[in-house]
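*Asks:* Quick one: structure below, then a few questions.
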Amino acid sequence: MYKPRTPYDRYDQERGLSFQARGCATSIYWTPLMIHYITRYFATTTNEELAGLVGVSQRTLIRKARQIGLSKDKDWLAKI
């Protein structure tokens, strides 16, 4: 018998992330620590490295950085 999905909350203790599922889509609850890491390191760290540290995909990291108005440091970009 078909059982419809219901919204639920789940906490991933290993990564310290909270997920809130709504149907098929899953949204991430951004913890203050995650935001701290992004605001502190986004300008001078590769997206791949920072996404691994925070525990999200690179695309999700970029979306969040744009949402809070962050950008890469131009001098740092010129060096890599």
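*Asks:* From the residues in the stretch 39-59 that are open to solvent by less than 40 Å² (accessible area, probe 1.4 Å) and more than 17 Å from LEU77 (Cα to Cα), which one is nearest to the chain's Cα centre (by Cα)?
*Replies:* Looking at the filtered set, the residue picked out is VAL56.
*Asks:* Another one. Only one of (1) part of a loop (DSSP other than H, G, I, E, B); (2) touching a residue at least 12 places away in the same chain (Cβ under 8 Å) fails for GLY69. Which number is that?
*Replies:* For GLY69, the exception is condition (2).
Okay, residues lined up against (1) at pLDDT 95 or above; (2) part of a helix (DSSP H, G or I); (3) under 20 Å from ILE80 (Cβ atoms):
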site: ILE28; (1), (2), (3): no, no, no
site: MET34; (1), (2), (3): no, yes, no
site: TYR41; (1), (2), (3): yes, yes, yes
site: GLU49; (1), (2), (3): yes, yes, yes
site: GLY52; (1), (2), (3): no, yes, yes
site: VAL56; (1), (2), (3): no, no, no
site: THR60; (1), (2), (3): no, yes, no
site: ALA65; (1), (2), (3): yes, yes, yes
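The values are calculated or read from the model by the stated rules, or taken from the named source; none is laboratory data. Worth saying up front: this structure is predicted, and the values here are computed from it rather than measured. Heads up, the Cβs are rebuilt from the backbone with ideal geometry, glycines too, and the neighbour counts pull from every protein chain shown. Surface areas here come from the heavy atoms of the whole protein model, side chains and all, with no ligands, DNA or RNA. Shrake-Rupley method; radii C 1.70, N 1.55, O 1.52, S 1.80 Å.
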